[in-house]
Amino acid sequence: LSILATRMSAPHVSALEFCIADDASSASSKDRWVDGEDVSASDQIPDYYAHSSAELMQHRGLFRNTDHLRFHRARMAGPAMILGNGPSLRGFDFKRLERFDVFGMNAAYRFWHEIEWYPQYYSCLDTVVGLSHQAEISELIHNADRYGIRLFLLRQNLIEALGPLGRSEKVLNFDQLKHYVSLFQAPTVTTGSHTAAWAAVLGYREIFMLGIDCNYVERVDGAQDVGVGTELEIVEEKDNPNYFFDGYQKKGDRFNVPNPGRDIHMSSWREVAALVESAGCRILNAN
């Protein structure tokens with residue numbers, strides 16, 4: 001649209017009328033639209049950005065760090081619940097979560113369909129699991145308004161596989177955001193830990209965990225190696241002690257060994273905890 005406006009000689013208006021900016025950033029933005037000049041952006045937030053509560057950021061200006069935006073600084077009303085899929089959640093009454101904004105993840109949608117209940121946020125950050133559940137995640141996005149799901153946090157490979165649906169305004173690209181959002185930069189990525197970081201990014205300051213046990217059987221009965229790194233596939237459906245309901249995994253599902261070589265899940269929580277707590281959030285384990 002900016003290119004079209006330039007070609008049609010539309011009037012130019014300073015970004016200062018609409019967002020926090022400065023002359024250098026405005027010049028950079030205009031040069032890159034008109035001439036295609038590549039000016040290196042900076043992660044350093046200028047003082048006047050850092051102390052603002054801007055809702056808008058100058059597109060293609062000099063500053064690419066979005067931590068100053070109100071989106072990342074707002075304090076959400078009420079607590080958030082990060083709903084894991086561990087066995088400690090078995091038998092839980094999901095109606096007890098009515099006063100929370102809930103973050104759910106991965107293949108728990110199979111249980112949600114059974115009880116006709118859905119969280120407000122959905123995440124899947126395992127690149128193998130995401131593609132394995134592409135059709136079902138597509139269905140969740142397509143019916144998000146009916147289910148009451150506000151946003152999805154997904155990986156780049158799944159978003160590309162989803163095609164036009166992956167460009168929905170409800171879908172956030174973790175692989176893009178992690179470069180600019182400091183709370184996403186804990187090096188060990190798991191869906192659970194970085195979903196807690198996502199809650200903090202969205203502005204929740206009280207965050208509770210439920211069903212996050214970090215206690216895995218590494219190789220469950222009925223799963224076999226597929227010959228690609230740590231990837232496994234369910235070839236026979238058997239009782240799985242890692243999850244809170246029977247049928248969490250079905251024949252054909254692909255996933256990774258939970259902790260190949262080291263305690264990945266506990267490490268990821270410790271890394272995220274340090275970042276989230278430094279942002280003024282409180283995380284409590286409600287198991």
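Legend: translational diffusion of the range 198-287 by Stokes-Einstein, Rh = Kirkwood radius over C-alpha pairs, 4 °C, 1.567 mPa s; D = 85 µm²/s. Computed across the range 157-197, the Kirkwood hydrodynamic radius from all distinct Cα-Cα pairs reaches 11.3 Å.
Tell me which GluC sites (Glu not before Pro) from the range 214-287 have a DSSP coil assignment and no more than 13 other beta carbons within 10 Å of their own. When the GluC sites (Glu not before Pro) of the range 214-287 are filtered for loop state and at most 13 Cβ neighbours within 10 Å, Glu218, Glu236 remain. Under the simplified labelling scheme, the Leu177-Asp93 pair shows an inter-label distance of 3.3 nm, with each label point 7 Å from Cα along Cα→Cβ.
When every alpha-carbon pair in the range 156-225 is counted, what percent end up more than 21 Å apart? When every Cα pair of the range 156-225 is considered, 46 percent fall beyond 21 Å. Where the alpha-carbon atoms of the range 87-237 are placed on the principal axes, they occupy 40, 37, 30 Å, in descending order. Quick one: in the range 241-287, what % of C-alpha pairs are over 16 Å apart? In whole percent, the share of Cα-Cα pairs in the range 241-287 beyond 16 Å is 61. Carbon-plus-sulfur fraction of the accessible area of the range 161-213, 1.4 Å probe, in percent? In the range 161-213, the share of accessible area belonging to carbon and sulfur is 52 percent. Taking GluC sites (Glu not before Pro) across the range 84-150, the ones in a DSSP loop with at most 10 further Cβ atoms lying within 10 angstrom of their Cβ are Glu98, Glu116.
With one equal scatterer per alpha carbon and no solvent term, the Debye-computed log10 I(q)/I(0) for the range 113-161 at 0.13, 0.14, 0.23 1/Å reads -0.28, -0.33, -0.84.
The values are calculated or read from the model by the stated rules, or taken from the named source; none is laboratory data. From a predicted model like this one, the values you see are computed outputs, not experimental measurements. Here Cβ is always computed from backbone atoms with ideal geometry, including for glycine, and neighbour counts include all displayed protein chains. Ligands, DNA and RNA are stripped out before the accessible areas are found, and what is left, the full protein with its side chains, is counted by its heavy atoms. Shrake-Rupley method; radii C 1.70, N 1.55, O 1.52, S 1.80 Å.
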